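Undergrad: Structure in structure tokens, see below.
The values are calculated or read from the model by the stated rules, or taken from the named source; none is laboratory data. Please read these numbers as outputs of a predicted model, since none were measured by experiment. Note that we place each Cβ from the backbone using ideal geometry, even for glycine, and neighbour counts take in every protein chain shown. Just the protein is used for accessible areas: all its heavy atoms, side chains included, with ligands, DNA and RNA removed. Shrake-Rupley method; radii C 1.70, N 1.55, O 1.52, S 1.80 Å.
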There are 2 protein chains.
Amino acid sequence: MKFSSKIQNCGYSPIRKFYPYQVACKKRGVNIVPLNIGQPDIKTPDAYKDVLKNFDIDVLAYAPSPGIPELLEAVKKYYNKVGVPVETSDILVTTGGSEALTIALSCILDDGDELMIPEPFYPNYSTFTNLTGGKIHPIPTSPAENYKYAVREKLESCLTPHTRAMMLTNPGNPTGYVLTQEEMRIIADFVKEHDLFLIADEVYREFVYSDKPLSSFGTFDDIKDNVILIDSVSKRFSACGARIGCMISRNKELVAHAMKICQARLCCATIDQTVATALYGIDFSYFDDVKVEYMKRRDTLYNGLKAIPGVTLSNPEGAFYMMATLPVDDTDKFQQWLLEEFSYEGETVMYAPAAGFYGTPGAGKNEIRCAYVIDCELLEKACMLLGKAIEAYNNRQ
Amino acid sequence: MKFSSKIQNCGYSPIRKFYPYQVACKKRGVNIVPLNIGQPDIKTPDAYKDVLKNFDIDVLAYAPSPGIPELLEAVKKYYNKVGVPVETSDILVTTGGSEALTIALSCILDDGDELMIPEPFYPNYSTFTNLTGGKIHPIPTSPAENYKYAVREKLESCLTPHTRAMMLTNPGNPTGYVLTQEEMRIIADFVKEHDLFLIADEVYREFVYSDKPLSSFGTFDDIKDNVILIDSVSKRFSACGARIGCMISRNKELVAHAMKICQARLCCATIDQTVATALYGIDFSYFDDVKVEYMKRRDTLYNGLKAIPGVTLSNPEGAFYMMATLPVDDTDKFQQWLLEEFSYEGETVMYAPAAGFYGTPGAGKNEIRCAYVIDCELLEKACMLLGKAIEAYNNRQ
């Protein structure tokens, strides 16, 4: 049987590809300290359980295609509170940020069209792009420059006659990089001048640890027709399993096109939309406590990694990820070795090798992505294990 | 801003396009009896509320990409019970049957590839197909032959060098047509001989009112590599708002490709998967009562429509839809007139004009689809209104 070229261009998740080695590692009795996963351990706000307890509808019916009115209203209120002037008609509720991305890209990209994305980037962007027939044109960055990409000349040099849009995650996954207001302006001018869509994945919006103001591309009025915001309850409210997100745009034509897809797939889950409505409505003070916890973890991980001889990294300002460059030949091979051969007091460590986050072949071979969604004690242990492992790996015969 | 050719080829739902007229109709104080919607009014089994009451997980985390193990096991058990020998590794849980269709088509169709579908068909198939860049090649049928399509010569005549797959709904939406065992064999031989995928959307499996045995293309061992089953809890358990479905195939290579998409979109909603697990586990006797109710409604609607002078139709054997040919010039125009100008004792009626269910331009102009998901009294009233309206419409100046 023949398969589409599109699916053949897609790969498996680079984060999940070590799963068989992980199973084998557990079999040999070695415990794994995980720096590789993006699932926060923060408690979902209690509001979600209240919704379930009180959910009392006899027929679990279809919801409206763009979303239930209560959720659209709650999202609008949340956005207005963070300074983004959207109407409910600018919002389409989606099955996670993932579906929002899929819908946005389907509306924009034809076969051979190009999407500019600063690398390293969230690997699932590749699958979403490949499925449209379009392709990613990576904007190169370097760890030495702390993955800075919002430089006018850099952006211009990636432009081709096939460029249709630029996509970014801010705060960044996997870099934790947070754009300055000046950098956002550079990007805004660039997309405006070249008539490109700007898909801004801002699902980590609240997780900024510097004194930079909470910011959104949705506040730039002069590019309101270019901007597509991707939103999700997953990280913000530690509700990854609810699979509720949004695609938001003040470009009416785009929303009208996207609505065709929303109508075809009928609706998002009714129960989860009700849960999400409650989550968007919680008091913002919730984020203060969560932020304090993440900052503590970030500092623990940063200090722990920095103390390992030969490891270089910058302290990221947002999200809950951190890139680091290791003094090893290949972080993919090193990860396999960690799972197959290494252990210290019955334990080893996992990270996400960074090659899978790059679009440029061969890039990121010495880099890793770590997520700090586990507690400080575990993070310290992970760094200790990584230090011992690097030494042992480089002293092998 | 430029949009993709794919999204420009998509249309809005023909079922929902009368929404503005509907609003205007309500404004002029006229009540609408709905024969146009596919949302069953049957109570969702109580098992679903029990799940919500007892759901007590602190972190609403991601589920595994192929589905939670409990649900995979429940689906497997259900399928084994209906005689389809599937393993849990053949099953991918999806966000409704809609996502299962999207994933299957993305794995198969490239730009310009063709998908054979008997017309009239479920209109959203068009959007799912257009988004892959592929196109539908309709298999023509006629109301006079009761929409019969499983005829070897008919199938052969639709084959082109671009044909990659055949897709069908059985029991049928919008026709209610149920394939005989002989017809299923004809289709099986056809896809086998031409090495085509067969996407069998069997979400109405339990709703068969004749003495035909409950059947599935999953039982045909010799085409197990060709068959992709589409499943959903929406209609079977009257749980449309749960948005849980499955893509099932014994073609390991297909499932491996589909898994890339499942990994990229992370998972389906955790709460709804738990709900669906309970639903797949309910006693099959549930369907007996539901079937009795639907049969009563089918007979009521059939007899009511048949009694209208000039209306022709066949009594469908499955699902909860019925096609009818009306003695009017254009059922699209007639529907608009029904909403804008007609009323009898303060009421009018809505159906789904059938042109939107056809791939062949101009086909189905005199046909309508009715859904019998409302109670018998309302169905009788709908038929009475339709009869009066046809007379008034054809006697206009």
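Undergrad: Between A:Arg28 and B:Ala256, what is the FRET efficiency for a Förster distance of 35 Å, r being their Cβ-Cβ separation, to the nearest 0.05?
TA: So the FRET efficiency works out to roughly 0.85.
Undergrad: Could you list which residues have their amide H under 5 Å from that of B:Phe207, counting only those 5 or more apart in sequence or on another chain, with H placed in the peptide plane?
TA: Here the answer is B:Ala319, since their amide H atoms fall under 5 Å of that of B:Phe207.
Undergrad: Going by the alpha-carbon gyration tensor, a ≥ b ≥ c the square roots of its eigenvalues, is the range B:10-158 rounded (a/c under 1.5) or, if a/c is not under 1.5, prolate (a/b greater than b/c) versus oblate?
TA: oblate
Undergrad: Separate question: Measure out, as a whole number of angstrom, how far apart the alpha-carbon centroids of the range A:259-284 and the range B:261-324 sit.
TA: Here the two parts' Cα centres lie 25 Å apart.
Undergrad: Residues of the range B:1-23 losing 40 Å² or more of accessible area relative to the isolated chain, 1.4 Å probe, heavy atoms only?
TA: When all protein chains are present, B:Met1, B:Lys2, B:Phe3, B:Ser4, B:Lys6, B:Ile7, B:Tyr12, B:Arg16 each give up 40 Å² or more of accessible surface.
Undergrad: How big is chain B in terms of Cα radius of gyration and Dmax, in angstroms?
TA: 21.3, 68
Undergrad: How much accessible area does B:His162 have with a 1.4 Å probe, in Å² rounded to the nearest 10?
TA: 90
Undergrad: At 7 Å along the Cα-to-beta-carbon direction for both A:Leu214 and B:Ala392, put a label point, then send me their distance in nm to one decimal.
TA: It works out to 5.5 nm between the two label points.
Undergrad: Please compute, for peptide A:88-95, the average count of beta-carbon atoms on other protein chains lying within 10 Å of each residue's beta-carbon.
TA: So the per-residue partner count for this stretch is 1.
Undergrad: Lysine pairs, Cα distance under 29 Å, 8 or more residues apart or cross-chain: how many in the range B:252-397?
TA: 16
Undergrad: If you take the accessible area of B alone plus A alone and subtract the pair, what total do you get in square angstrom, rounded to 100, with a 1.4 Å probe?
TA: Result for this pair: about 6900 Å² buried.
Undergrad: Roughly what % of Cα-Cα distances in the range B:91-134 sit above 13 Å, to the whole percent?
TA: Here the long-distance tail beyond 13 Å is 53 percent of all Cα pairs in the range B:91-134.
Undergrad: Around B:Cys25, under 11 Å between beta carbons, what's the net of Lys plus Arg minus Asp minus Glu among the other residues?
TA: 0
Undergrad: A further question on this structure: Rounded to the nearest 20 debye, what is the charge dipole size of the range B:309-348 about its Cα centre when +1 sits on each Lys and Arg Cβ and -1 on each Asp and Glu Cβ?
TA: 160
Undergrad: Distances from A:Arg16 to the same position in the other copies: list them in nm, one decimal, shortest first, using label points 7 Å from Cα along Cα→Cβ.
TA: 2.9
Undergrad: Pop out the carbon and sulfur fraction of the accessible area of the protein assembly as shown as a percent, whole number, probe 1.4 Å.
TA: Reported share for carbon and sulfur atoms: 52 percent.
Undergrad: With each label point set 7 Å from Cα along the Cα-Cβ vector, what nm distance links B:Lys291 and A:Phe284?
TA: Here the answer is 5.8 nm between the modelled labels.
Undergrad: Residue farthest toward the positive end of the dipole of chain A, with Cβ of Lys/Arg at +1 and Asp/Glu at -1: which of A:Pro20, A:Val373, A:Tyr149?
TA: A:Pro20
Undergrad: Give the residue from A:Cys268, A:Met295, A:Gly364 lying farthest towards the positive end of the charge dipole for the range A:238-382; charges sit on Cβ (+1 for Lys and Arg, -1 for Asp and Glu) and the dipole is referred to the Cα centre.
TA: Of the options given, the answer is A:Cys268.
Undergrad: Nearest 10 degrees is fine. How inclined is helix A:96-108 to the longest principal axis of chain A, computing both from alpha carbons?
TA: The angle comes out at about 70 degrees.
Undergrad: Quick one: what do you get for the range B:256-309 if you divide its Cα Rg by 2.2 N^0.38 Å?
TA: This ratio for the range B:256-309 stands at 1.99.
Undergrad: Classify the range B:103-166 as rounded, prolate or oblate, taking a ≥ b ≥ c as the square roots of the eigenvalues of its Cα gyration tensor: rounded when a/c is under 1.5, otherwise prolate if a/b is larger than b/c and oblate if not.
TA: oblate
Undergrad: If you take every residue apart from A:Arg250 with its C-beta less than 13 Å away from the C-beta of A:Arg250, what net charge results, scoring Lys and Arg +1 and Asp and Glu -1?
TA: Overall, the nearby charge balance is -3.
Undergrad: Can you give the accessible area per residue of chain B, in Å², using a 1.4 Å probe?
TA: It amounts to 36 Å² per residue over chain B.
Undergrad: Per residue and in cubic angstrom, what volume does the convex hull of the Cα atoms of the protein assembly as shown have?
TA: In the protein assembly as shown, the Cα hull volume divided by residue count equals 167 Å³.
Undergrad: Sum -39500 (n - 2.57) across every DSSP H segment of at least 4 residues in chain A, then divide by the residue count to get the 222 nm mean residue ellipticity, nearest 500.
TA: -12000 deg cm²/dmol
Undergrad: Express in % the proportion of alpha carbon pairs of the range B:65-121 at distances exceeding 19 Å.
TA: So the portion of pairs separated by more than 19 Å is 46 percent.
Undergrad: How far, in nm to one decimal, is B:Gln397 from itself in the other copies if the label point is set 7 angstrom along Cα toward Cβ? Shortest first, please.
TA: Inter-copy label distances (nm, one decimal, shortest first): 10.8.
Undergrad: A further question follows. Among rounded, prolate and oblate, which fits the range B:306-397 when a ≥ b ≥ c are the square roots of the eigenvalues of its C-alpha gyration tensor, a/c under 1.5 means rounded, and a/b larger than b/c means prolate?
TA: oblate
Undergrad: For B:Glu341, B:Glu114, A:Glu345, write out the residues from largest to smallest accessible area, computed with a 1.4 angstrom probe and no ligands counted.
TA: In descending accessible area the options line up as A:Glu345, B:Glu341, B:Glu114.
Undergrad: Heads up, I need the accessible area for A:Met295: 1.4 angstrom probe, whole protein in place, Å², nearest 10.
TA: The value for A:Met295 is about 60 Å².
Undergrad: Collect residues whose amide H, placed 1.01 Å from N in the peptide plane, falls under 5 Å from the amide H of A:Thr348; neighbours closer than 5 in sequence don't count.
TA: A:Asn31, A:Ile32, A:Val33
Undergrad: Please compute the Kirkwood hydrodynamic radius of the range A:122-207 from all pairs of different C-alpha atoms, in Å with one decimal.
TA: Answer for the range A:122-207: a Kirkwood hydrodynamic radius of 13.7 Å.
Undergrad: Just need the Rg to Rh number for the range B:201-348, please, alpha carbons only, Kirkwood Rh.
TA: So for the range B:201-348, dividing Rg by the Kirkwood Rh gives 1.07.
Undergrad: At B:Arg185, with labels set 7 Å past Cα in the Cβ direction, how many nm apart are the copies from this one, shortest first?
TA: Sorted ascending, the copy-to-copy spacings read 7.7 nm.
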